[in-house]
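Reviewing the structure listed below.
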Amino acid sequence: MTRRGVLQGILAAGLAAALPARAQKALPADMKAVEALQQGWRDLLAPGVAVPAPTEALNLSNDEWRKRLDKMQFYVLRDEGTEAAGTSPLNGETRIGIFACAGCGLPLFTSAMKYESHTGWPSFFTTIPGAFATKTDYKLILPRTEYHCVRCGGHHGHVFDDGPRPTGKRWCNNGVALRFLPKDAKA
């Protein structure tokens, strides 16, 4: 990680601690509502859109990944980099749909799981179950929980304990690691 990336991470962590998580829409009041969101994600796919299952592993060589991803996507997904805060057009995405892995297409989050964290990265209070594997990251000295796509191993971001109720989680995701699939898209 570059010095700039480290500084951006420290700044984002400070912003997240200083600013309360504010939702751009009403968030679920309890965990039963969150569980319903987690189970009903398939209803948000446009008719005819097929998505892979988490069990369909995607293992490619670095050369194959370079052909599939642009330079920034490769840096984030394969080299565990971080995009600059506030640069993703997905920060302002408000349509109904699914946020999928830009590397392999696995559904990760729904639009109903997204909220405005004021950190500069797309943030979610929960995930589609089984979408991620986690590990502890010590790149900024203090331990953080890093998460990766369970299908292709692509790095997406870090999960923090400063999110909104009822989960209290903030899944802080690099926008370039995501692809948005709107529900109203034509197949």
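For region 87-102, state whether one or more residues are closer than 28 Å to Gly168 by Cα and out of contact with any helix residue (DSSP H, G or I) (no Cβ under 8 Å at 6 or more places or on another chain). Among the residues of region 87-102, at least one is closer than 28 Å to Gly168 by Cα and out of contact with any helix residue (DSSP H, G or I) (no Cβ under 8 Å at 6 or more places or on another chain), which makes the answer yes. Residues in region 163-187 that are buried (at least 18 other Cβ atoms within 10 Å of the Cβ) and in a loop (DSSP other than H, G, I, E, B): Gly163, Pro164, Thr167, Lys169, Asn174. Of all residues in region 145-163, those being among the acidic types (Asp, Glu) and under 13 Å from the mean Cα position of the chain (by Cα) number 1.
Can we say Phe124 is in contact (Cβ under 8 Å) with a residue 60 or more places away in the chain and either of a type in the set (Lys, Arg) or buried (at least 23 other Cβ atoms within 10 Å of the Cβ) (or both)? No: the conditions fail for Phe124.
Looking at region 90-115 only, could you name the residues that are surrounded by fewer than 16 Cβ atoms within 10 Å (Cβ to Cβ) and in contact with a Ser or Thr (Cβ under 9 Å, 6 or more places away or on another chain)?
At the first step, the residues of region 90-115 found to be surrounded by fewer than 16 Cβ atoms within 10 Å (Cβ to Cβ) are 92, 94-96.
Selection gives Thr94, Arg95, Ile96.
If you take the residues in region 132-155 that are among the small types (Gly, Ala, Ser) and surrounded by fewer than 19 Cβ atoms within 10 Å (Cβ to Cβ), which one is farthest from Cys104 (Cα to Cα)? Among them, the one singled out is Ala133. Condition first: surrounded by fewer than 18 Cβ atoms within 10 Å (Cβ to Cβ), closer than 14 Å to His156 by Cα and among the aliphatic types (A, V, I, L, M). Now tell me which residues in region 50-84 satisfy that. Result: Met72, Ala84.
I need the full set of residues from region 153-187 which are touching a Phe, Trp or Tyr at 6+ places or on another chain (Cβ under 9 Å) and of a type in the set (D, E, K, R), in order please. Listed by number, the residues that qualify are Arg165, Lys169, Arg170, Arg179.
Read the figures in this text as sums done on the coordinates, not as results from a lab. Quantities reported herein were computed from a predicted structural model and do not represent experimental measurements. Backbone-built Cβ (ideal geometry, glycine too); neighbour counts: all protein chains shown.
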